[in-house]
2 protein chains.
Amino acid sequence: MVDREETTTAPKVTDAALRPFLGFNLRRAWNVIHADLVATLEPLGLRMITFSALTVIGENPGLSQAQLATALSVERPNLVAVTDELSTRGLVTRERLASDRRTYALKLTAAGERLLARATEAVRGHEAALYEPLSDGERQSLIAMLQKIESKGTGRS
Amino acid sequence: MVDREETTTAPKVTDAALRPFLGFNLRRAWNVIHADLVATLEPLGLRMITFSALTVIGENPGLSQAQLATALSVERPNLVAVTDELSTRGLVTRERLASDRRTYALKLTAAGERLLARATEAVRGHEAALYEPLSDGERQSLIAMLQKIESKGTGRS
DNA sequence: CGAGATAGATACAAGGCATAATCATTATAG
DNA sequence: CTATAATGATTATGCCTTGTATCTATCTCG
């Protein structure tokens, strides 16, 4: 076999030049969280978007799909499949408002409440594992810093 | 116009139930950074992936495409279009290695070096604006915490 | 009533990202 | 030395997510 080392130049490839950038580190951390979160929700038959939708509906019963889309920062058309799925699975009810028959009032069913409770617990556990190297104070400060960064933008992706 | 308040139920939709989750805040912060970063690189004719590639090539001259793919956490096939573009634009050279004529040695051209320098400066400015609400110490601690979270994962998305 | 706006839905296009298969080259085994 | 396996680069392909344009039904306002 041939000597793998070039003996003259860099034998290992580094990303040190990208490490000082906040965006790079944020993206990599997101990759880790995302992969773990998907694995956490998959046994419950949920995706990130359906879990988020359940959470916001549970917090704001009776809201419309347009309001939900705004809260989740997704376009209205992309929410249709989500509410269809949640409705078909019997997790959410869509009732027409008497005052405005264009809009739906979204509410969790009893099954939706139960699944949301289970999913919330699962996600808490998932986050606790990722949070593990951080102290309580660090976690709070991390979220606070992320929100400060978020506030610098217009809010849309 | 009609009174927007329902006077009986929640007039505003909140995402307070999602705010305690690290993943939610991270994703929102990423959206802001991503949108601003795209806008920053667009005038230079760069995308995130091409900027990252230029940076890593500049830091590791002579590396192969497989090494670059690993460093950037992208699949090899998806890197072909990137190196094609950089090569066509005269920013990067692809030279066959005499020792192994399968692999390319990627290097920046003089034009590539110049564009990378300009882009790096632009991205630094972009990040400085987003960083603005944070102190120097907070920025270091933020990146350190993100790297701790990243280290909890397997590294793949 | 008629113009304009809004909620939801549909259709469609574009980008990101992963897999499988292919080709050329190199390494390894008999 | 020849056959086989392994690797770098490439192509083709498909999935998933997300955005835009458009349509219908309904509501508000003049």
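Enumerate the amide H contacts of A:A105 below 5 Å, restricted to partners 5 or more residues apart or on another chain; note that Pro and chain-start residues carry no placed amide H.
The list, which skips near neighbours in sequence, is A:E95, A:R96, A:L97.
Rounded to whole Å, how close does chain B get to the rotation axis onto A by Cβ? Give me the residue too, please?
Residue with the nearest Cβ, plus whole-Å distance, for chain B: B:W30, 3.
Counting only protein heavy atoms and rolling a 1.4 Å probe, how much accessible area do B and A lose on contact, total for both sides, in Å² to 100? Present the calculation step by step, with values, prior to reporting the outcome.
On the way: alone 11290 and 11300 Å², together 16910 Å².
Chain pair B/A: roughly 5700 Å² of buried accessible area.
Using a Cα-Cα cut-off of under 16 Å, which aspartates and glutamates could be cross-linked to B:K12, ignoring same-chain neighbours fewer than 8 residues away?
Of all the aspartates and glutamates, those that pass the test against B:K12 - Cα under 16 Å, at least 8 places apart if same chain - are A:E59, B:D3.
Please identify, among A:A122, A:A98, A:A17, the residue showing maximal mean-square fluctuation in a Gaussian network model of chain A using a 10 angstrom Cα cutoff.
Comparing A:A122, A:A98, A:A17 in a Gaussian network model of chain A, the most mobile one is A:A17.
Nearest 20 debye, what's the magnitude of the dipole of segment B:22-147 about its Cα centre given +1 on Lys and Arg Cβ and -1 on Asp and Glu Cβ? Provide the component values of the computation, followed by the final result.
Values: 14 positive and 14 negative charges, 92 e Å.
Result for segment B:22-147 is approximately 440 debye, rounded to the nearest 20.
About its Cα centre, how strong a charge dipole does the protein assembly as shown have in debye, to the nearest 20, once Lys and Arg get +1 and Asp and Glu get -1 at the Cβ? Don't skip to the end; give the middle numbers.
Working: 40 positive and 38 negative charges, 105 e Å.
I would put it at about 500 debye.
Work from the charge dipole of segment B:22-147 (Cβ charges, +1 for Lys and Arg, -1 for Asp and Glu, about the Cα centre) and give the residue of B:G125, B:A53, B:T103 farthest towards its positive end.
B:T103
Quickly work out the A:T88-to-A:Q147 label distance, labels modelled 7 Å from Cα along the C-beta direction, and quote it in nm with one decimal.
Between A:Q147 and A:T88, the label points sit 3.7 nm apart.
Tell me which of A:A16, A:A39, A:G90 sits at the most positive position along the dipole axis of the protein assembly as shown, charges placed on C-beta atoms (Lys, Arg +1; Asp, Glu -1).
Farthest towards the positive end: A:G90.
Of the candidates A:L22, A:L46, A:L37, which one comes out as most mobile in a Gaussian network treatment of chain A with C-alpha springs shorter than 10 Å?
Highest fluctuation among the options: A:L22.
Evaluated at 25 °C with a viscosity of 0.890 mPa s, what Stokes-Einstein diffusion coefficient in µm²/s does chain B have when Rh comes from the Kirkwood expression over alpha-carbon pairs? Don't jump to the answer; show the numbers that get you there.
Values: Rh = 18.8 Å.
For these conditions, the coefficient is 131 µm²/s.
The values are calculated or read from the model by the stated rules, or taken from the named source; none is laboratory data. All of these numbers come straight from a predicted model, not from anything done at the bench. A quick note on method: Cβ atoms are made from the backbone with ideal geometry, for glycine too, and the neighbour counts reach across all protein chains shown. These accessible areas exclude ligands, DNA and RNA; they are computed on the full protein's heavy atoms, side chains included. Shrake-Rupley method; radii C 1.70, N 1.55, O 1.52, S 1.80 Å.
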